Amino acid sequence: MAETVEQKQEFSRGLEGVIAAETKIGYVDGINGILAYRGYDIETLTNQSNYEEVSYLLLYGKLPSEKEYIEYVSELKKEMYIEDDVYELIKKISRTAHPMSSLRTVVSYIGGKDKTSVDPDVKQQEEIGIKLIAKMPTIVAAIKRASSGEDFIKPDPELSYAANFFYQSAGRKPDTVEAKMMDTALILHADHGMNASTFSAMLTISTLSDMYSAITSAISTLKGPLHGGANERALALIKETGSPDNAEKVLSEKMEKKEKIMGFGHRVYKVYDPRAKILKGYAEYITKKNGQEKLFQTATKIEDLMVNRLGEKGIFPNVDFYSGILYYSIGFPPDVFTPIFAVGRISGWVARSYEYVQNNRLFRPRSRYAGEKAPRRYVPINERN
Ligand SMILES: CC(C)(COP(=O)(O)OP(=O)(O)OC[C@H]1O[C@@H](n2cnc3c(N)ncnc32)[C@H](O)[C@@H]1OP(=O)(O)O)[C@@H](O)C(=O)NCCC(=O)NCCS
(Lines give C-alpha, C1' and ligand atoms only; values in the text may rest on other atoms or scores of the structure.)
Protein backbone atom coordinates (compact mmCIF):
# COMPACT_ATOMS: atom_id res chain seq x y z
CA MET A 1 0.00 0.00 0.00
CA ALA A 2 1.15 3.57 -0.71
CA GLU A 3 2.62 5.51 2.20
CA THR A 4 0.24 8.06 3.72
CA VAL A 5 1.11 11.70 4.51
CA GLU A 6 1.09 10.81 8.22
CA GLN A 7 3.69 8.08 7.67
CA LYS A 8 5.94 10.21 5.48
CA GLN A 9 6.02 13.43 7.51
CA GLU A 10 8.37 14.20 10.42
CA PHE A 11 6.42 14.13 13.65
CA SER A 12 6.78 16.95 16.19
CA ARG A 13 5.11 16.48 19.56
CA GLY A 14 3.12 19.56 20.51
CA LEU A 15 4.07 21.13 17.14
CA GLU A 16 7.41 22.10 18.72
CA GLY A 17 9.66 23.83 16.20
CA VAL A 18 7.01 23.69 13.47
CA ILE A 19 6.61 26.91 11.50
CA ALA A 20 2.95 27.10 10.52
CA ALA A 21 2.40 30.76 9.69
CA GLU A 22 4.16 33.88 8.50
CA THR A 23 3.70 37.14 10.39
CA LYS A 24 4.85 40.75 10.29
CA ILE A 25 3.60 41.49 13.80
CA GLY A 26 6.07 40.42 16.44
CA TYR A 27 9.60 39.07 16.63
CA VAL A 28 11.09 37.05 19.48
CA ASP A 29 14.81 36.25 19.52
CA GLY A 30 15.33 33.99 22.50
CA ILE A 31 19.07 33.66 22.02
CA ASN A 32 19.82 37.37 22.07
CA GLY A 33 16.95 38.39 24.37
CA ILE A 34 15.09 40.55 21.86
CA LEU A 35 11.36 41.16 21.69
CA ALA A 36 10.14 43.58 19.03
CA TYR A 37 6.71 44.56 17.71
CA ARG A 38 6.69 45.50 14.01
CA GLY A 39 10.46 46.09 14.30
CA TYR A 40 10.32 48.39 17.36
CA ASP A 41 12.00 46.81 20.36
CA ILE A 42 10.00 46.73 23.56
CA GLU A 43 12.47 48.89 25.48
CA THR A 44 11.79 51.70 22.98
CA LEU A 45 8.05 51.14 23.06
CA THR A 46 7.75 51.00 26.86
CA ASN A 47 9.91 54.13 27.17
CA GLN A 48 8.38 56.25 24.44
CA SER A 49 4.97 54.93 23.46
CA ASN A 50 1.80 53.87 25.26
CA TYR A 51 -0.55 50.89 25.09
CA GLU A 52 -3.08 52.55 22.76
CA GLU A 53 -0.37 53.37 20.22
CA VAL A 54 1.20 49.91 20.53
CA SER A 55 -2.22 48.35 20.00
CA TYR A 56 -2.64 50.36 16.78
CA LEU A 57 0.89 49.42 15.71
CA LEU A 58 0.23 45.70 16.20
CA LEU A 59 -3.06 45.88 14.34
CA TYR A 60 -2.13 48.14 11.41
CA GLY A 61 1.63 47.69 11.04
CA LYS A 62 2.71 51.29 11.50
CA LEU A 63 2.77 54.00 14.15
CA PRO A 64 -0.35 56.13 13.77
CA SER A 65 -0.29 59.74 12.59
CA GLU A 66 -1.66 62.19 15.16
CA LYS A 67 -5.06 62.12 13.44
CA GLU A 68 -5.13 58.30 13.28
CA TYR A 69 -4.10 58.12 16.93
CA ILE A 70 -6.89 60.46 18.04
CA GLU A 71 -9.44 58.49 15.99
CA TYR A 72 -8.24 55.13 17.34
CA VAL A 73 -8.28 56.32 20.97
CA SER A 74 -11.75 57.83 20.58
CA GLU A 75 -13.00 54.57 19.04
CA LEU A 76 -11.59 52.68 22.05
CA LYS A 77 -13.25 55.13 24.43
CA LYS A 78 -16.57 54.86 22.59
CA GLU A 79 -16.49 51.07 22.83
CA MET A 80 -15.09 50.65 26.36
CA TYR A 81 -18.47 50.49 28.10
CA ILE A 82 -20.35 47.32 28.92
CA GLU A 83 -24.09 47.14 29.39
CA ASP A 84 -25.97 46.61 32.67
CA ASP A 85 -26.88 43.00 31.86
CA VAL A 86 -23.15 42.27 31.43
CA TYR A 87 -22.42 43.75 34.87
CA GLU A 88 -25.27 41.61 36.25
CA LEU A 89 -23.84 38.49 34.65
CA ILE A 90 -20.41 39.30 36.10
CA LYS A 91 -21.89 39.76 39.56
CA LYS A 92 -23.70 36.47 39.33
CA ILE A 93 -20.91 34.25 38.03
CA SER A 94 -18.01 35.83 39.91
CA ARG A 95 -19.34 34.59 43.25
CA THR A 96 -18.12 31.11 42.42
CA ALA A 97 -16.17 31.10 39.14
CA HIS A 98 -12.41 31.64 38.76
CA PRO A 99 -11.84 35.07 37.14
CA MET A 100 -10.55 33.40 33.95
CA SER A 101 -13.72 31.32 33.68
CA SER A 102 -15.79 34.47 34.21
CA LEU A 103 -13.80 36.28 31.52
CA ARG A 104 -14.35 33.45 29.04
CA THR A 105 -18.09 33.46 29.72
CA VAL A 106 -18.46 37.24 29.52
CA VAL A 107 -16.65 37.57 26.18
CA SER A 108 -18.77 34.78 24.77
CA TYR A 109 -21.97 36.39 26.13
CA ILE A 110 -21.14 39.80 24.63
CA GLY A 111 -20.45 38.04 21.32
CA GLY A 112 -23.88 36.44 21.45
CA LYS A 113 -25.50 39.88 21.71
CA ASP A 114 -23.64 41.31 18.72
CA LYS A 115 -25.43 40.58 15.45
CA THR A 116 -22.28 41.29 13.42
CA SER A 117 -20.75 38.14 14.88
CA VAL A 118 -23.12 35.84 12.98
CA ASP A 119 -21.27 35.72 9.68
CA PRO A 120 -18.68 38.49 9.81
CA ASP A 121 -16.70 39.70 6.84
CA VAL A 122 -13.07 40.73 7.34
CA LYS A 123 -14.02 44.36 8.08
CA GLN A 124 -16.48 43.22 10.76
CA GLN A 125 -13.82 40.96 12.27
CA GLU A 126 -11.57 44.02 12.61
CA GLU A 127 -14.41 46.06 14.16
CA ILE A 128 -15.20 43.31 16.66
CA GLY A 129 -11.50 43.13 17.50
CA ILE A 130 -11.45 46.83 18.36
CA LYS A 131 -14.59 46.46 20.48
CA LEU A 132 -12.90 43.67 22.42
CA ILE A 133 -9.64 45.60 22.88
CA ALA A 134 -11.74 48.49 24.22
CA LYS A 135 -13.90 46.41 26.57
CA MET A 136 -11.28 44.04 27.98
CA PRO A 137 -10.06 46.31 30.84
CA THR A 138 -13.66 47.14 31.79
CA ILE A 139 -14.63 43.46 31.90
CA VAL A 140 -11.55 42.32 33.83
CA ALA A 141 -11.80 45.17 36.35
CA ALA A 142 -15.50 44.38 36.88
CA ILE A 143 -14.67 40.70 37.44
CA LYS A 144 -11.92 41.65 39.91
CA ARG A 145 -14.32 43.87 41.88
CA ALA A 146 -17.22 41.41 41.82
CA SER A 147 -15.07 38.54 43.02
CA SER A 148 -13.76 40.69 45.89
CA GLY A 149 -17.34 41.75 46.77
CA GLU A 150 -16.70 45.38 45.75
CA ASP A 151 -19.03 47.73 43.85
CA PHE A 152 -18.41 48.27 40.14
CA ILE A 153 -16.63 51.38 38.91
CA LYS A 154 -17.48 52.60 35.41
CA PRO A 155 -14.75 53.70 32.97
CA ASP A 156 -13.56 57.31 33.09
CA PRO A 157 -13.19 58.79 29.59
CA GLU A 158 -10.53 61.21 30.85
CA LEU A 159 -8.09 58.39 31.63
CA SER A 160 -5.73 56.44 29.40
CA TYR A 161 -6.33 52.74 28.68
CA ALA A 162 -3.94 51.53 31.40
CA ALA A 163 -4.93 54.18 33.97
CA ASN A 164 -8.60 53.37 33.37
CA PHE A 165 -7.95 49.70 33.99
CA PHE A 166 -6.12 50.55 37.21
CA TYR A 167 -8.89 52.95 38.29
CA GLN A 168 -11.76 50.56 37.62
CA SER A 169 -9.91 47.74 39.41
CA ALA A 170 -8.44 49.55 42.41
CA GLY A 171 -11.17 52.14 42.92
CA ARG A 172 -8.70 55.02 42.91
CA LYS A 173 -6.84 56.85 40.19
CA PRO A 174 -3.21 55.79 39.80
CA ASP A 175 -0.37 58.24 40.37
CA THR A 176 1.94 58.95 37.44
CA VAL A 177 4.35 56.11 38.19
CA GLU A 178 1.56 53.59 38.79
CA ALA A 179 -0.09 54.57 35.50
CA LYS A 180 3.23 54.21 33.64
CA MET A 181 3.87 50.88 35.35
CA MET A 182 0.46 49.51 34.36
CA ASP A 183 0.91 50.78 30.81
CA THR A 184 4.36 49.13 30.66
CA ALA A 185 3.07 45.80 31.96
CA LEU A 186 0.29 45.81 29.34
CA ILE A 187 2.71 46.65 26.51
CA LEU A 188 5.09 43.89 27.62
CA HIS A 189 2.29 41.33 27.48
CA ALA A 190 0.75 42.54 24.21
CA ASP A 191 2.31 39.98 21.88
CA HIS A 192 4.72 37.09 22.09
CA GLY A 193 5.06 34.95 19.01
CA MET A 194 2.73 32.11 18.17
CA ASN A 195 2.20 31.05 21.78
CA ALA A 196 -0.60 28.66 22.73
CA SER A 197 -3.37 31.23 23.27
CA THR A 198 -2.47 33.19 20.13
CA PHE A 199 -2.41 29.98 18.14
CA SER A 200 -5.78 29.10 19.61
CA ALA A 201 -7.27 32.40 18.45
CA MET A 202 -5.76 31.97 14.97
CA LEU A 203 -6.95 28.38 14.73
CA THR A 204 -10.51 29.42 15.58
CA ILE A 205 -10.59 32.33 13.15
CA SER A 206 -9.10 30.14 10.42
CA THR A 207 -12.43 28.29 10.31
CA LEU A 208 -13.98 31.71 9.51
CA SER A 209 -15.60 31.71 12.92
CA ASP A 210 -15.97 35.18 14.47
CA MET A 211 -13.49 37.25 16.50
CA TYR A 212 -15.50 36.78 19.74
CA SER A 213 -15.11 33.03 19.35
CA ALA A 214 -11.39 33.40 18.57
CA ILE A 215 -10.83 35.46 21.71
CA THR A 216 -12.94 33.10 23.81
CA SER A 217 -10.69 30.26 22.62
CA ALA A 218 -7.59 32.31 23.45
CA ILE A 219 -8.85 33.06 26.96
CA SER A 220 -9.63 29.38 27.52
CA THR A 221 -6.10 28.49 26.45
CA LEU A 222 -4.40 31.19 28.50
CA LYS A 223 -6.18 29.86 31.61
CA GLY A 224 -3.90 26.80 31.83
CA PRO A 225 -1.01 26.95 34.34
CA LEU A 226 1.56 26.05 31.68
CA HIS A 227 0.72 29.29 29.93
CA GLY A 228 -0.84 32.08 31.97
CA GLY A 229 -0.64 30.93 35.54
CA ALA A 230 3.07 31.03 36.40
CA ASN A 231 3.17 34.50 38.02
CA GLU A 232 0.55 33.47 40.59
CA ARG A 233 2.80 30.53 41.53
CA ALA A 234 5.99 32.60 41.46
CA LEU A 235 4.43 34.99 43.97
CA ALA A 236 3.38 32.03 46.14
CA LEU A 237 7.00 30.82 46.12
CA ILE A 238 8.33 34.25 47.12
CA LYS A 239 5.75 34.55 49.91
CA GLU A 240 6.39 31.01 51.09
CA THR A 241 10.14 31.75 51.21
CA GLY A 242 9.34 34.75 53.40
CA SER A 243 12.83 36.28 53.64
CA PRO A 244 16.15 36.23 51.76
CA ASP A 245 17.68 34.11 54.54
CA ASN A 246 15.33 31.22 53.79
CA ALA A 247 15.88 31.25 50.04
CA GLU A 248 18.78 28.78 49.93
CA LYS A 249 16.93 26.21 52.04
CA VAL A 250 13.60 26.51 50.15
CA LEU A 251 15.27 26.28 46.74
CA SER A 252 17.46 23.33 47.72
CA GLU A 253 14.45 21.38 48.99
CA LYS A 254 12.51 22.05 45.81
CA MET A 255 15.39 21.27 43.51
CA GLU A 256 16.08 18.02 45.36
CA LYS A 257 12.48 17.03 44.68
CA LYS A 258 13.05 18.04 41.02
CA GLU A 259 10.34 20.69 41.31
CA LYS A 260 10.39 23.47 38.72
CA ILE A 261 10.90 26.92 40.21
CA MET A 262 8.08 29.10 38.93
CA GLY A 263 9.04 32.27 37.12
CA PHE A 264 12.30 30.82 35.76
CA GLY A 265 13.17 29.35 32.40
CA HIS A 266 11.52 29.77 29.03
CA ARG A 267 10.98 27.67 25.91
CA VAL A 268 12.25 30.49 23.73
CA TYR A 269 14.48 32.72 25.89
CA LYS A 270 17.77 31.16 26.88
CA VAL A 271 19.01 34.51 28.25
CA TYR A 272 17.40 37.03 30.62
CA ASP A 273 13.81 37.64 29.45
CA PRO A 274 13.81 41.29 28.29
CA ARG A 275 10.34 41.76 29.79
CA ALA A 276 11.51 40.60 33.22
CA LYS A 277 14.36 43.15 33.16
CA ILE A 278 11.89 46.00 32.72
CA LEU A 279 9.36 44.71 35.27
CA LYS A 280 12.08 44.13 37.89
CA GLY A 281 12.77 47.90 38.03
CA TYR A 282 9.08 48.66 38.63
CA ALA A 283 8.75 45.86 41.17
CA GLU A 284 11.63 47.36 43.16
CA TYR A 285 10.04 50.82 43.12
CA ILE A 286 6.50 49.77 43.95
CA THR A 287 7.37 47.27 46.72
CA LYS A 288 9.49 49.97 48.38
CA LYS A 289 6.71 52.54 48.07
CA ASN A 290 4.16 50.14 49.54
CA GLY A 291 6.36 48.89 52.38
CA GLN A 292 6.84 45.44 50.87
CA GLU A 293 10.60 45.60 50.28
CA LYS A 294 11.01 42.17 51.82
CA LEU A 295 9.12 40.58 48.94
CA PHE A 296 11.50 42.19 46.46
CA GLN A 297 14.61 41.35 48.49
CA THR A 298 13.48 37.72 48.75
CA ALA A 299 12.82 37.63 45.02
CA THR A 300 16.26 38.99 44.11
CA LYS A 301 17.91 36.50 46.47
CA ILE A 302 16.01 33.67 44.75
CA GLU A 303 17.09 35.08 41.39
CA ASP A 304 20.78 35.20 42.43
CA LEU A 305 20.70 31.62 43.66
CA MET A 306 18.86 30.32 40.61
CA VAL A 307 21.14 32.09 38.15
CA ASN A 308 24.15 30.72 40.04
CA ARG A 309 22.82 27.21 39.82
CA LEU A 310 21.15 27.20 36.42
CA GLY A 311 22.32 30.27 34.51
CA GLU A 312 24.73 28.06 32.59
CA LYS A 313 21.77 26.08 31.30
CA GLY A 314 20.05 29.25 30.11
CA ILE A 315 17.67 29.51 33.06
CA PHE A 316 16.89 33.11 34.07
CA PRO A 317 13.83 34.94 35.45
CA ASN A 318 10.99 35.15 32.96
CA VAL A 319 8.22 37.76 32.71
CA ASP A 320 6.20 36.00 35.40
CA PHE A 321 8.77 36.23 38.16
CA TYR A 322 8.46 39.96 38.81
CA SER A 323 4.97 40.65 37.41
CA GLY A 324 3.39 38.71 40.31
CA ILE A 325 4.92 40.81 43.09
CA LEU A 326 4.27 43.95 41.10
CA TYR A 327 0.53 43.28 40.72
CA TYR A 328 0.25 42.04 44.30
CA SER A 329 1.94 45.17 45.67
CA ILE A 330 -0.59 47.41 43.98
CA GLY A 331 -3.46 45.40 45.42
CA PHE A 332 -4.48 42.84 42.78
CA PRO A 333 -5.43 39.44 44.21
CA PRO A 334 -3.38 36.58 42.67
CA ASP A 335 -6.32 35.01 40.83
CA VAL A 336 -6.62 38.19 38.73
CA PHE A 337 -3.01 38.03 37.48
CA THR A 338 -3.90 35.90 34.45
CA PRO A 339 -6.86 38.13 33.47
CA ILE A 340 -4.43 41.11 33.61
CA PHE A 341 -2.25 39.16 31.16
CA ALA A 342 -5.34 38.90 28.92
CA VAL A 343 -5.88 42.69 29.07
CA GLY A 344 -2.39 43.16 27.64
CA ARG A 345 -2.51 40.23 25.20
CA ILE A 346 -5.90 41.15 23.68
CA SER A 347 -4.19 43.41 21.10
CA GLY A 348 -1.82 40.64 20.04
CA TRP A 349 -4.65 38.10 19.81
CA VAL A 350 -6.75 40.44 17.69
CA ALA A 351 -3.85 41.61 15.51
CA ARG A 352 -2.63 38.09 14.74
CA SER A 353 -6.13 36.72 14.11
CA TYR A 354 -6.90 39.67 11.85
CA GLU A 355 -3.59 39.28 9.99
CA TYR A 356 -4.23 35.56 9.54
CA VAL A 357 -7.83 35.79 8.37
CA GLN A 358 -6.89 38.32 5.68
CA ASN A 359 -4.79 35.61 4.04
CA ASN A 360 -6.65 32.67 5.46
CA ARG A 361 -5.78 28.99 5.27
CA LEU A 362 -7.67 26.57 7.50
CA PHE A 363 -5.34 25.05 10.13
CA ARG A 364 -5.54 21.29 9.86
CA PRO A 365 -2.59 19.33 11.23
CA ARG A 366 -2.70 15.56 11.27
CA SER A 367 -1.88 13.02 13.93
CA ARG A 368 0.10 9.86 13.41
CA TYR A 369 -2.08 6.82 14.07
CA ALA A 370 -0.53 4.45 16.61
CA GLY A 371 -3.56 2.26 17.34
CA GLU A 372 -4.80 -1.13 16.13
CA LYS A 373 -4.56 -1.82 12.39
CA ALA A 374 -7.78 -1.89 10.35
CA PRO A 375 -9.72 -3.90 9.46
CA ARG A 376 -10.45 -5.49 12.84
CA ARG A 377 -13.07 -8.19 13.19
CA TYR A 378 -16.18 -6.80 14.90
CA VAL A 379 -17.00 -9.02 17.91
CA PRO A 380 -20.73 -9.15 18.80
CA ILE A 381 -21.38 -8.03 22.41
CA ASN A 382 -22.41 -11.47 23.65
CA GLU A 383 -19.08 -12.94 22.50
CA ARG A 384 -16.82 -10.35 24.22
CA ASN A 385 -15.15 -11.17 27.50
C1 LIG B 1 9.12 27.34 30.78
C2 LIG B 1 9.64 25.89 30.84
C3 LIG B 1 8.47 24.93 30.63
C4 LIG B 1 10.69 25.70 29.75
O5 LIG B 1 11.09 24.36 29.82
P6 LIG B 1 12.23 23.74 28.92
O7 LIG B 1 12.24 24.39 27.58
O8 LIG B 1 12.05 22.28 28.98
O9 LIG B 1 13.56 24.17 29.72
P10 LIG B 1 15.05 23.85 29.32
O11 LIG B 1 15.12 22.72 28.35
O12 LIG B 1 15.72 25.13 28.94
O13 LIG B 1 15.67 23.38 30.71
C14 LIG B 1 17.04 23.16 30.88
C15 LIG B 1 17.26 22.54 32.24
O16 LIG B 1 16.87 23.45 33.27
C17 LIG B 1 15.86 22.86 34.07
N18 LIG B 1 14.86 23.89 34.34
C19 LIG B 1 14.16 24.60 33.42
N20 LIG B 1 13.35 25.45 34.04
C21 LIG B 1 13.50 25.25 35.36
C22 LIG B 1 12.89 25.81 36.47
N23 LIG B 1 11.97 26.77 36.36
N24 LIG B 1 13.25 25.37 37.68
C25 LIG B 1 14.18 24.42 37.81
N26 LIG B 1 14.80 23.84 36.77
C27 LIG B 1 14.46 24.26 35.56
C28 LIG B 1 15.27 21.76 33.23
O29 LIG B 1 14.67 20.78 34.05
C30 LIG B 1 16.46 21.27 32.48
O31 LIG B 1 17.22 20.46 33.39
P32 LIG B 1 18.08 19.20 32.87
O33 LIG B 1 19.16 19.77 32.01
O34 LIG B 1 18.57 18.58 34.13
O35 LIG B 1 17.10 18.35 32.10
C36 LIG B 1 10.32 25.63 32.20
O37 LIG B 1 11.45 26.46 32.33
C38 LIG B 1 9.38 25.82 33.37
O39 LIG B 1 8.56 24.94 33.68
N40 LIG B 1 9.46 26.99 34.08
C41 LIG B 1 8.62 27.25 35.20
C42 LIG B 1 7.23 27.71 34.77
C43 LIG B 1 7.21 29.13 34.27
O44 LIG B 1 7.79 30.03 34.87
N45 LIG B 1 6.49 29.33 33.14
C46 LIG B 1 6.30 30.63 32.54
C47 LIG B 1 7.04 30.74 31.25
S48 LIG B 1 6.86 32.41 30.61
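Every condition in (1) surrounded by 14 or more Cβ atoms within 10 Å (Cβ to Cβ); (2) hydroxyl-bearing (S, T, Y); (3) more than 15 Å from the ligand (Cβ to nearest atom) holds for S243 except the one numbered (1). When you check V250 against the structure, is it more than 12 Å from the ligand (Cβ to nearest atom), more than 22 Å from the chain's Cα centre (by Cα) and farther than 24 Å from D183 by Cα, yes or no? Spelling it out, V250 is indeed more than 12 Å from the ligand (Cβ to nearest atom), more than 22 Å from the chain's Cα centre (by Cα) and farther than 24 Å from D183 by Cα. Against the list (1) assigned to a helix (DSSP H, G or I); (2) open to solvent by less than 50 Å² (accessible area, probe 1.4 Å); (3) touching a residue at least 12 places away in the same chain (Cβ under 8 Å); (4) not acidic (D, E), the condition Y269 fails is (1). Just one of the listed residues (L295, L279) is more than 16 Å from the ligand (Cβ to nearest atom), aliphatic (A, V, I, L, M) and not assigned by TED's automatic domain parsing to the domain that holds Y37, and it is L295.
Residues in the range 313-344 that are charged (D, E, K, R) and touching a helix residue (DSSP H, G or I) at 6+ places or on another chain (Cβ under 7 Å) were compared, and the one that is nearest to the ligand (Cβ to nearest atom) is D320. The condition (being in a helix (DSSP H, G or I) and buried (at least 21 other Cβ atoms within 10 Å of the Cβ)) is satisfied by just one residue among I133, I70: I133.
Restricting attention to the range 255-275, the residues being in contact with a strand residue (DSSP E or B) (Cβ under 6 Å, 6 or more places away or on another chain) and more than 9 Å from the ligand (Cβ to nearest atom) number 1. L203 meets each of the listed conditions (1) part of a loop (DSSP other than H, G, I, E, B); (2) surrounded by fewer than 23 Cβ atoms within 10 Å (Cβ to Cβ); (3) touching a Phe, Trp or Tyr at 6+ places or on another chain (Cβ under 7 Å); (4) not β-branched (V, I, T) apart from (1). For the residues I315, I302, the requirement of being under 29 Å from E256 (Cα atoms) and in a loop (DSSP other than H, G, I, E, B) singles out I315.
Here S209, S217 are screened, and the one residue that is in contact with a helix residue (DSSP H, G or I) (Cβ under 6 Å, 6 or more places away or on another chain) and either outside the structural domain of I42 (by TED's automatic domain parsing) or not hydrophobic (A, V, I, L, M, F, W, C) (or both) is S217. In this structure, Y56 does satisfy being open to solvent by less than 40 Å² (accessible area, probe 1.4 Å) and without any contact (Cβ under 8 Å) to a residue 60 or more places away in the chain. Contact map, the range 156-170: residues that are free of Cβ contacts under 8 Å to residues at least 60 places away in the same chain paired with residues that are open to solvent by 20 Å² or more (accessible area, probe 1.4 Å) and β-branched (V, I, T), Cβ distance under 6 Å, separation 6+ or inter-chain. Pairs shown: Q168/I153. Of the candidates D156, D183, D210, the single residue that is acidic (D, E), modelled with pLDDT of 95 or more and within 30 Å of G33 (Cβ to Cβ) is D183.
Against the criterion of being open to solvent by less than 20 Å² (accessible area, probe 1.4 Å), at pLDDT below 95 and assigned to a helix (DSSP H, G or I), G344 does not qualify.
The values are calculated or read from the model by the stated rules, or taken from the named source; none is laboratory data. Since this is a predicted model, take the numbers as computed values, not measurements. Ideal geometry is used to build each Cβ from the backbone, glycine not excepted, and the neighbour counts take in all protein chains shown. Surface accessibility is based on the protein's heavy atoms, side chains included, excluding ligands, DNA and RNA. Shrake-Rupley method; radii C 1.70, N 1.55, O 1.52, S 1.80 Å.
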